[in-house]
Each structure stands twice: as structure tokens, then as C-alpha cells.
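The values are calculated or read from the model by the stated rules, or taken from the named source; none is laboratory data. Only a predicted model underlies this, so the values are computations on that prediction, with no experimental measurement involved. Glycine also receives a Cβ, built like all others from the backbone with ideal geometry; neighbour counts cover every protein chain displayed.
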There are 2 protein chains.
Amino acid sequence: MTRCFELALKGAGQVSPNPLVGCVIVKNGKIVAEGYHKKYGEYHAERNAINSAVKKGINLKGAELYVNLEPCAHFGKTPPCSDLIIEHKFSKVVIGVKDPYHEVAGKGISRMKKAGIKVITGVLDEEAEELNKFFFKFVSTGLPYITIKAAQTIDGKIADDKYRSKWISSTESRRTVHKLRSVYDAVLVGANTVKYDNPKLNVRDVKGRNPYRIIIDKDLTLKHGYNVYKYADGKTIIITSLNADISKIKLLQKKNIIVLPCKIRNSKIDLADALKKLAAHNITSIMIEGGAFVYNEFVKARLVDEMLIFIAPDIMGSGIMAFSDKKGFKDFSSVNYYTSGRDILVNLRK
Amino acid sequence: MTRCFELALKGAGQVSPNPLVGCVIVKNGKIVAEGYHKKYGEYHAERNAINSAVKKGINLKGAELYVNLEPCAHFGKTPPCSDLIIEHKFSKVVIGVKDPYHEVAGKGISRMKKAGIKVITGVLDEEAEELNKFFFKFVSTGLPYITIKAAQTIDGKIADDKYRSKWISSTESRRTVHKLRSVYDAVLVGANTVKYDNPKLNVRDVKGRNPYRIIIDKDLTLKHGYNVYKYADGKTIIITSLNADISKIKLLQKKNIIVLPCKIRNSKIDLADALKKLAAHNITSIMIEGGAFVYNEFVKARLVDEMLIFIAPDIMGSGIMAFSDKKGFKDFSSVNYYTSGRDILVNLRK
């Protein structure tokens, strides 16, 4: 099962909105074939493993199949994996965790059991669910998994009085952020962060694909010269108000930028509405990178699943505080710490 | 040498202003006797180890002596240990680190060498110096070793708007603080901390002696009903101004409280002057426990050797910030992190 996790992770950043899946085939106590889901729209892990075994001329009758997520039972982009497993007469299937997706949700398991295959479920199930935390959240709630990432000093500042925030965190921490960007579907910032930092929001220093870039710009006040507008890859999304100027929206769309007009609540963007609209674009996970206003609006709205707070061992003195909402923080009962160069990384989970 | 450190630590909190010293005697490759400095004014580690060996009827001629600090060469409360070592005809002496105290400072070593004893110095010398960091600072500068201890939330707050600071940190962190109080000569707080928290500043939950309690009360405005005034042990010290009301000073002295009138600088207590006066009372180490004003005055004055900042994984929202002086923090280049229950402990050193 641990090998399944390793294989599954090879698809990180490539398979969304599908889950990460790895598969191992065992015959006579030995691993004879492996496979994983490589890219959205392509073959599932089970099919890749089975194809690999067949190519080697292995007869799979009586073999065992290990997979971290329940094999599918529906026709999606590819035919159902549970049928393929039955067809090849496997004797046993060992599953990490059941698929929460309503089209599967136990149907794969019961189909294989009916065909006389011994099915074992719940092997390292917590780890299997953790591996696909984005997918589980997305499928069960229809909303993307939300992680706040912040880099602050000991005195809680993310920038000085002049909104300068460069190099608060260590090289190692920034590297970690780039690694995270390559696995989250999207990163999100507010208009002020674009204005003061002009971030590229791409993946640097590590290998990996660029995420979608989401910018909240309620009144479309941002000029188009900033870095985030320079991509022609169709992966920049602007969250704006339903009352936004249509001519401005059209100008953005001409630049291959996605514009999502959203509801307004207390004269601010209704974030729950924005997340629903982002989910409709198959965004299953978002890392929120600032600034303070955006952090606190998400915390207050109780829309955050996880916090990653890098704390640098310095004092800024006066400046911009990262967090100010006390109540929303009570949601996080699980705490873990990691060192990251000179910084500490605080990981808060529900 | 590691065994010497272990023995030395048994004297923690008892030997100040003397150093922590442990001693091991080896004969024919085997440890035959051990000793440590137990209490200020009593025998040194070397004499205790030698006495223990003599009691067992062991002839020390040709034996080896291990000790974490250079044996003394002067008559203090007890006669010089280097003479005793020579007298017993040891063949070899292995020393952690040279004694920085001007009455010793190499004299013990040269005396033994002249007597034909093989002397090896600098074995685990960094660890040996770290073990006696209070003593090294005190002897080489004439000032106590200063550690700031603070417990804050992620947003840098040590108390809420109403100065309430109870239970910011975890049980484990509070236990660590009590352990620290039992090894520092003194703890220090400002008048506002006494007013709002009314702390006992004693050692609870762990075994150990109570430290001196130092309160900065420039104008002697504190009423005498607070907990820190209730001890009759002569270990409460009030730092006040040279212009303080004499009748008030006399009232405090009647309660067996030590009053140290200090110079004023920019209408605040001159902390360097206060530390000199505390050093004259043989206070070699002080843990500063708050509040924010006191922390920042010490940091600004560049008088701090070490920081112990407990960060609890919570947000206070509005409240009192622990630290605000950016410049003073640049002094600390070494950073270490430890987990402490739900909290993280940040340790900053120069």
C-alpha cells in the first residue's frame, strides 16, 4: 500500500480533478507490475498496471491487486476499472480507502465481490485519505480544498509599513512554497498583493507545472501591466463583482483571462460563491498567498481547511499583521511544526 | 567528560555565583570516584571526588582526574584544588575548559604542569562553556546573563486588551518555565506585570529552589498587597530610581525587601546600571518574564544574551504585542526550535 502511495504521488499536479492513484500487482508473493494515474483524461492506475503485466506476458488469473482508492465502476473518460479487474480473474483486491465520489462509492467493491473476488478495504485508510485530501474535500462538498500560506516574522508581520514583504522567509521556505504551487490546482492573492508585490505566482527553483493564478479584484481596478496578466496560458482567473464594468471584463477576456463575476456580501466578494464558481472550473485545491485582508476574510468565513504559516526568527517592528481574526482560528485543533531553514513552519489542521 | 557534565548539573541552582563543576577520577581505566560542587561555600568538585576516593582507601598516585572546568589556584572559601591534585600525585588531568576568572585563568593549569602532571585542556570545551554560560558571562563582563522568556500567540500577543495573559502557553511550557526559574538566580518583571498578573514568581510543579524576584518599580507606585511582597526570605529586590521616596524605601526594607536605587536615563531606569548593582549582589543570571515594555527596553539596550519565546498556535486578535524593536533582534544569529506541548519554543542566541 505504501508503494501505491509512492506511485500515486508521481501524478501530483497532473491528474486534478481526478484523485492520485497508484496500483501494484502481486503474483506468488512478488510484485510483477505497477502503474499510476499519470494525467487527467488518461488511463487509471489499475489499467496502467494491468497493461504493463499483460505486455510482459503475465497471466493475471489468481493474482492480487493493491490500490490506494477503490477501483471505479462507471464510464468516465475511460471504461470502469472494476470490470477490467474481474475480466482478468484477479483473486484478491486490497484497497486503501473507498471512493467518496457518488458514481463509485462502494459500487466498484460490490461489483468485484459479486464476481467472487476477495476484497479487503481500509488498509492505511487514513493515509490514503490524506493523500487525496483535495479530492475528498472537492467530491464530498463541491468546494476546493483551501490552504492559507503565510510568511511572517515573530511579531506576526507579513510586510513592513510600506507593504514591502520580500525575503521574510528563508530560501528553504520559498522553495517549499514553489513545490506546493506545483501540486495545488491554483494560488490566490488579493489585488493589493498584485499591486505591492507584483508576484509571478509561478513555479521556480523546482520542477513542476504552474498553477492557475486567481486574483480577487472586486472593482477591476488593477492595471494590466502586472506579471500575472502576462501569461497567455488561459490560467489566470479574475474574481470580480457581478456589477463589474462589462467593457473591462471583455478587455480581460480578450487577453485569454478567465473572469468570474461573483455575488457581493457586506460590500465584499462573497467568497463561498467565488469558491463554487472556481469549483465549476474544476479547481479542487487553492493555496491562498495573501495579503492580510484576504487571509482574514477567508478565516472569518470559515472556509479554510489548512494553514501553513512560516515564522521567520526576526522582528519587523511596525508593519502589516498577517492574522487578526481570533474566532476563525478556533477551528484548528491539530498542530504540527517543521523547521524550514532558519524558519519554523506551523501547520494547522482541523 | 560527559559524566563530569552530568555530575556538574546536579548543583544547578545551588552553587551560584560559583560555576557548575563535576569531577571523575579514573585509575587503571576505571572510574573509581566522582564528585561535584554541591552548594556555594562548600567543597569544590575535585575535593569531593578526592575525598570520596581517599575514604575508599584508594591510593591516587598515577590516577587520572577529569573535570569540566580548570581546577582553581586561589584561596577562596576553600584552599586551591590544583594544590590538592599535586599533593595526591595524579599523573594526568583532563580539563573541559579554562577558568576565565582572573584569579585562576591558566594558573591552575601551569601550577600542575610545573609539578610534572600531564594536563590536557579543551576536551568538549564548547559544551563545557555552554554548561557554565552564566558563570562565563558574569566573570568576563561583571554583568549577569540575561534571558528573555515570553509566551505569545502566533500574532505576537502576550495579553489581550485588558492585559489578561493567563494560559497563553501549554502545561508543558509552563512546567519548563518553572524548571528554568529553579536554575536562574533571579526572575525579573516590570511593575505593570505585578499589577495585572500578580505573579508569585516561585517554583511550582517541579522540585527546585525559588529564585530571587526582581521588580522594576521606578517610582515605587506598587501597593504592598501583591504576592511578590509576601515572601519573608529576603529574596525580593525592587529596582527603583535614585530619586525614589526614602520613606517608601524604608518601609520596603522593614519587610526584608532589598531596594536598589538606580540611575535614570531618558526618564527610565538605566538598565545597565541596574544590572551592575544586581551583579554586586552576586546575581549571575536573570530570566526576564515581562511585560512588553521591559522586554523591549532590554532588547533596545542590547543587554540580552538569549531569548526563549514560546509561541502558542492561536490568534489573540487585538492585545499587547511582545516585541516591537527590530534593531535589537539583529543580535541573534543562532536559532533553535523545540516543541513544547502544543507550543513551539524559539531559542535565539547571539
Considering residues of segment A:187-210 that are of a type in the set (S, T, N, Q) and free of Cβ contacts under 8 Å to residues at least 40 places away in the same chain only, the residue surrounded by the fewest Cβ atoms within 10 Å (Cβ to Cβ): A:ASN198
Of the criteria (1) within 22 Å of the chain's Cα centre (by Cα); (2) assigned to a strand (DSSP E or B); (3) free of Cβ contacts under 8 Å to residues at least 40 places away in the same chain, which one A:THR240 fails: (1)
Tally of residues being facing chain B (nearest Cβ under 10 Å) and among the aliphatic types (A, V, I, L, M) across segment A:145-177: 2
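Table: residues versus (1) facing chain A (nearest Cβ under 9 Å); (2) within 22 Å of A:PHE310 (Cα to Cα); (3) part of a loop (DSSP other than H, G, I, E, B).
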residue	(1), (2), (3)
B:PHE293	no, no, no
B:PHE298	no, no, no
B:LEU303	no, no, yes
B:LEU308	no, yes, no
B:GLY317	yes, yes, yes
B:GLY328	yes, yes, no
B:ASP331	no, yes, yes
B:ILE344	yes, yes, no
Every residue from segment B:108-126 that is without any contact (Cβ under 8 Å) to a residue 60 or more places away in the chain and part of a loop (DSSP other than H, G, I, E, B): B:ALA115, B:GLY116, B:ILE117, B:GLY122
Any chance A:ILE95 is under 21 Å from A:LYS38 (Cβ atoms) and in contact with a helix residue (DSSP H, G or I) (Cβ under 8 Å, 6 or more places away or on another chain): yes
Enumeration of residues in segment A:194-214 that are over 15 Å from A:ARG181 (Cβ atoms) and outside any helix (DSSP H, G or I): A:ASN198
Hey, A:LEU278 more than 14 Å from chain B (Cβ to nearest Cβ) and crowded, with 19+ Cβ neighbours inside 10 Å or not: yes
Matching option when the condition is of a type in the set (Ser, Thr, Tyr), surrounded by fewer than 22 Cβ atoms within 10 Å (Cβ to Cβ) and either within 23 Å of B:SER318 (Cα to Cα) or at pLDDT 95 or above (or both), among A:TYR184, A:TYR163: A:TYR163
The one condition in (1) more than 8 Å from chain B (Cβ to nearest Cβ); (2) in contact with a helix residue (DSSP H, G or I) (Cβ under 7 Å, 6 or more places away or on another chain); (3) at negative phi that A:ALA312 fails to fulfil: (2)
Which numbered condition B:ARG265 misses (of (1) over 26 Å from A:VAL335 (Cβ atoms); (2) within 13 Å of chain A (Cβ to nearest Cβ)): (2)
Residue that is of a type in the set (Gly, Ala, Ser) and within 19 Å of A:ASP314 (Cβ to Cβ), where the choices are B:SER318, B:SER324, B:SER285: B:SER324
Selected residue (criterion: nearest to B:TRP167 (Cα to Cα)) from residues of segment B:333-342 that are under 22 Å from the mean Cα position of the chain (by Cα) and at the interface with chain A (Cβ under 8 Å from one of its Cβ atoms): B:TYR337
Top-ranked residue of segment A:183-206 - restricted to ones that are closer than 18 Å to A:ASP233 by Cα and charged (D, E, K, R), ranked as nearest to the chain's Cα centre (by Cα): A:ASP185
Pair list, Cβ under 6 Å, 6 or more apart: segment A:1-18 residue free of Cβ contacts under 8 Å to residues at least 60 places away in the same chain, other residue surrounded by 21 or more Cβ atoms within 10 Å (Cβ to Cβ) and hydrophobic (A, V, I, L, M, F, W, C): A:GLY11/A:LEU20
Qualifying residue in segment A:264-275 (condition: touching a Ser or Thr at 6+ places or on another chain (Cβ under 6 Å) and either farther than 21 Å from A:PRO211 by Cβ or surrounded by fewer than 16 Cβ atoms within 10 Å (Cβ to Cβ) (or both)): yes
Subset of segment B:223-257 that is buried (at least 18 other Cβ atoms within 10 Å of the Cβ) and among the aliphatic types (A, V, I, L, M) - its residue that is nearest to B:LEU201 (Cα to Cα): B:VAL228
When residues of segment B:291-349 are limited to those that are touching a residue at least 40 places away in the same chain (Cβ under 8 Å) and basic (Lys, Arg), the one surrounded by the fewest Cβ atoms within 10 Å (Cβ to Cβ): B:ARG349
